[in-house]
Every structure is written in structure tokens, then in C-alpha cells.
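Accompanying notes for the structure given below.
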Amino acid sequence: MKNKKTIITIVIIALLAIVLFSGIKGTYNTIISYDEQVNLAWSQVVTDYQRRMDLIPNLVNTVKGYADFEQETLMGVIEARSNASKVELNVDNLDQQSLQKIEQTQQALGSALSRLLVTVEQYPDLKANTNFRDLQAQLEGTENRIANARRKFNEATQTYNAYIRQFPKNIYASIFGFEKKPYYEAVEGAEVAPEVQF
């Protein structure tokens, strides 16, 4: 009889250990999956930023061909692009402060591009240039892609953050070192369109 109780106790302990291990393993694997979704979404943001960065030299060179075009506007775009290219976009170093710095440089680049495109309105020959129109269309499409990629990044981040904050998953997340990830938020004043004066 004593032997039978010992066997039952061992079986119960083994079953509990298996259930606990399965729960931890499942939670860990789900956290990894959500973490990878955040990484993938961020890589798309970076890809779209790079696409914009690649379009800018062609746009600037096309505009430069018009000798009387405002050099100050062109220099503003070139400088903003240079500043944006210096900011590290590594997903492993993302925190609220680095995201704000990224957004500030990208906002400055977007504002410089907006000023450039508004200034172009004074140059009918440039507006009629096929290369310029194609580049402008690509740039507008890229801006839409960037906005969409940021939204998807925030959605993936929300899913990840919500999951690791639920009980008892928050305990496992803490044990394995998973922390809340920051959201991509516009910098203060981004909702106001840049003012361009001629």
C-alpha cells in the first residue's frame, strides 16, 4: 500500500511538472513570436526610411538642374537627409528616447522635403519635367508606406506589450528578461504643417 501511494505521488508530481513546463514553454515561444513580429515591423519602417533616403539624391539632382532654384531649400533637404542618416535605427536599441530622436530627424527631413515640393510650385518647367514628376510620385508613395509601416509597428508592439503584461505571463516575461517595448509616437508639434513663405 505504501508503495502504491509513493507511485501515485511521483506520477502526480511528474504530471504537474509536465504541465508547468508546457505552460512556460508555450508562453516563452509566444513571447518570442510576438517579439519577432515587432522586429519585422520595425525592419519595414527602416526599409521605407531607406527608400526615402535613396530617392532624395535623385530628387535633389533633378531640381539642381534649374539654376535659379533656391539653394537654401536644397541645402535644407541635403542637411536633413545627412542628419537622418546618422541616427541608428537598430531594433535592439529601441527605447522611447531613441524613437523620439529618430522621429525628430525624420520629421525634419519630411519638413525639408515638404518645403522643397512647395517651392517647386514656382517653377512650371520643373513641375512639367517627367523625371521630377516620377520622383515626386515615388516620394509620395514612400511617405504613405512609412505611415503604414509605423502603424503596423505600433500594432505589433501593442500585441507584444499586452501579452507580456498579462498574469502569469508577466512573471515568465520578467524571468526571461522581456521588457515592454516603446511605441512610435509623433514628436510634439508634428500635427502642424510646416509653414512655407516665399
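The values are calculated or read from the model by the stated rules, or taken from the named source; none is laboratory data. Please read these numbers as outputs of a predicted model, since none were measured by experiment. Note that we place each Cβ from the backbone using ideal geometry, even for glycine, and neighbour counts take in every protein chain shown.
When you check Ala14 against the structure, is it over 14 Å from the mean Cα position of the chain (by Cα), in a helix (DSSP H, G or I) and closer than 28 Å to Phe176 by Cα, yes or no? Steps first, please.
On the way: over 14 Å from the mean Cα position of the chain (by Cα): yes; in a helix (DSSP H, G or I): yes; closer than 28 Å to Phe176 by Cα: yes.
Yes, satisfied.
State whether one or more residues within region 41-55 are surrounded by fewer than 19 Cβ atoms within 10 Å (Cβ to Cβ), aliphatic (A, V, I, L, M), modelled with pLDDT under 85 and over 12 Å from the mean Cα position of the chain (by Cα).
Looking for residues that are surrounded by fewer than 19 Cβ atoms within 10 Å (Cβ to Cβ), aliphatic (A, V, I, L, M), modelled with pLDDT under 85 and over 12 Å from the mean Cα position of the chain (by Cα), one finds none in region 41-55, hence no.
Please pick out the residue among Ser33, Ser22 that is at pLDDT 85 or above, in a helix (DSSP H, G or I) and among the hydroxyl-bearing types (Ser, Thr, Tyr).
Selected residue: Ser33, the only one of Ser33, Ser22 that is at pLDDT 85 or above, in a helix (DSSP H, G or I) and among the hydroxyl-bearing types (Ser, Thr, Tyr).
Go through (1) without any contact (Cβ under 8 Å) to a residue 24 or more places away in the chain; (2) buried (at least 18 other Cβ atoms within 10 Å of the Cβ); (3) among the aromatic types (Phe, Trp, Tyr) and name the single condition Tyr163 misses.
(1)
Could you say whether any residue in region 7-15 is of a type in the set (Val, Ile, Thr) and either in contact (Cβ under 8 Å) with a residue 40 or more places away in the chain or touching a Phe, Trp or Tyr at 6+ places or on another chain (Cβ under 6 Å) (or both)? Quick ask: steps written out before the conclusion?
Step one: list which residues in region 7-15 are of a type in the set (Val, Ile, Thr), which gives 7-13.
Still in the list and also either in contact (Cβ under 8 Å) with a residue 40 or more places away in the chain or touching a Phe, Trp or Tyr at 6+ places or on another chain (Cβ under 6 Å) (or both): none.
Scanning region 7-15 turns up no residue that is of a type in the set (Val, Ile, Thr) and either in contact (Cβ under 8 Å) with a residue 40 or more places away in the chain or touching a Phe, Trp or Tyr at 6+ places or on another chain (Cβ under 6 Å) (or both).
Within region 162-188, restricting attention to residues that are part of a helix (DSSP H, G or I) and aromatic (Phe, Trp, Tyr), which residue is modelled with the highest pLDDT?
Across region 162-188, the extreme among qualifying residues is Tyr163.
Given the criteria under 19 Å from Lys181 (Cβ atoms) and free of Cβ contacts under 8 Å to residues at least 12 places away in the same chain, does Ile102 qualify?
no
Of the numbered conditions (1) among the basic types (Lys, Arg); (2) over 30 Å from Ile175 (Cα atoms); (3) out of contact with any Ser or Thr (no Cβ under 9 Å at 6 or more places or on another chain); (4) surrounded by 10 or more Cβ atoms within 10 Å (Cβ to Cβ), Lys25 satisfies every one except a single condition; which is it?
Result: Lys25 passes all but (2).
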